[in-house]
C-alpha cells in the first residue's frame, strides 16, 4: 500500500502529492506483481520508501540500538579507545566532523565496515553482525524485486554486488544528543547532518521515535519524514541511479539536529555497496538508441575517491555524466 503525506506538496515530475510511500512487504505472499509495481514507482518518483512487515526481528533491532546507546553513553576518550587505535579513517568514532573537507554537523557517529572483526566486544560485534546480516538480506531481496520490476533478465544483477564477499558495505550509527543551545541556526533550524545523497547502491535506515530526517523534493522543498521505529526507510543511492541509467534517482536528504530536551535520536544506517573494483555503468536493459547511456563507466573505488574529494552537498555524479559527443 502507498500512504500519502498529510501535508501534500506538488511535484514537478508528476502531478501527485509528495509523501514517502509505505510499502507493505507482506504483499509478496498475496499480490507479488502489485508489490513490485509499487516499489518501482517509489524508486522512480521519490527515491525513498518506507518498508513495513519487513521480517527483520525486533530483537535484532533492539539489540543493536541498546549496544549503540551504551557505546555513545561512554566518555569520549573511552569511545575512541573502544574502536581501537589502528582503525583506518574514515572508520571508527567521530564527532561533528563529517569527512575531511570541512563538513560538520551536530552529531557523533560510529562508522564500521559491514564485516566487523571479532576484536570488538562480543556483545557489540554479535549485535552488529546479526543486524547487518538481516538488513543485508532485506536490501538484496528488495534489489531482486526492483530488477524483476524493470524486466531485467538477470534478477540478481544488483544484489550480487552486495552479496559479493568483497562488498564495501558499511554500517553507520548516528547519535544526535538532546540539545538545549540553539544559538546557531540555518533558515531557522539547526542542521545535524547536511544535505547529501548516498553514494552506494541502497540505504536501509532505521531510527528511534525522535524526528529529524528530511528529504528534498524536485522543487527544492524540504519535507520532514515522520519517524517510525518499527519500519525501515529505503533510499536509492547514486550507484543504483547509474545502474538504472537514471530511471531510479538517488534522493537528497539531511538530518536536523535533535530538538528534544530529554531524549537522544539515534539512526542505524546500512549502506549496501559493491566491491571497490566493481564497474558501475548502466545495465544493458536500461540502454537503447532512444535512451542512450547517461553515464561513463567507473569503478566503485573511483567513485569513492571522487566522493572523498568533494563536499557533502556536491553532486558527485556530474563528473561521470556523458557529454553529447561521448
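In segment 48-90, which residues are farther than 30 Å from residue 29 by Cβ and assigned to a loop (DSSP other than H, G, I, E, B)? The answer is 73, 74, 75, 83, 84, 85, 86, 87, 88, 89, 90.
Residue-level check: of (1) in contact with a helix residue (DSSP H, G or I) (Cβ under 7 Å, 6 or more places away or on another chain); (2) surrounded by fewer than 18 Cβ atoms within 10 Å (Cβ to Cβ), residue 71 misses just (2).
Scanning segment 257-296 for residues that are out of contact with any helix residue (DSSP H, G or I) (no Cβ under 8 Å at 6 or more places or on another chain), within 30 Å of residue 209 (Cβ to Cβ) and outside any strand (DSSP E or B) turns up 257, 258, 259, 260, 261, 262, 263.
The residue of segment 180-207 that is modelled with the highest pLDDT, among those that are surrounded by fewer than 16 Cβ atoms within 10 Å (Cβ to Cβ) and part of a loop (DSSP other than H, G, I, E, B), is 180.
Quick grid of which residues meet (1) out of contact with any strand residue (DSSP E or B) (no Cβ under 8 Å at 6 or more places or on another chain); (2) free of Cβ contacts under 8 Å to residues at least 60 places away in the same chain:
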{"site": "245", "(1), (2)": "no, yes"}
{"site": "269", "(1), (2)": "no, no"}
{"site": "280", "(1), (2)": "no, yes"}
{"site": "285", "(1), (2)": "yes, no"}
{"site": "296", "(1), (2)": "no, yes"}
{"site": "323", "(1), (2)": "yes, yes"}
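The values are calculated or read from the model by the stated rules, or taken from the named source; none is laboratory data. Quick caveat: nothing in here was measured; it's all calculated off a predicted structure. Heads up, the Cβs are rebuilt from the backbone with ideal geometry, glycines too, and the neighbour counts pull from every protein chain shown.
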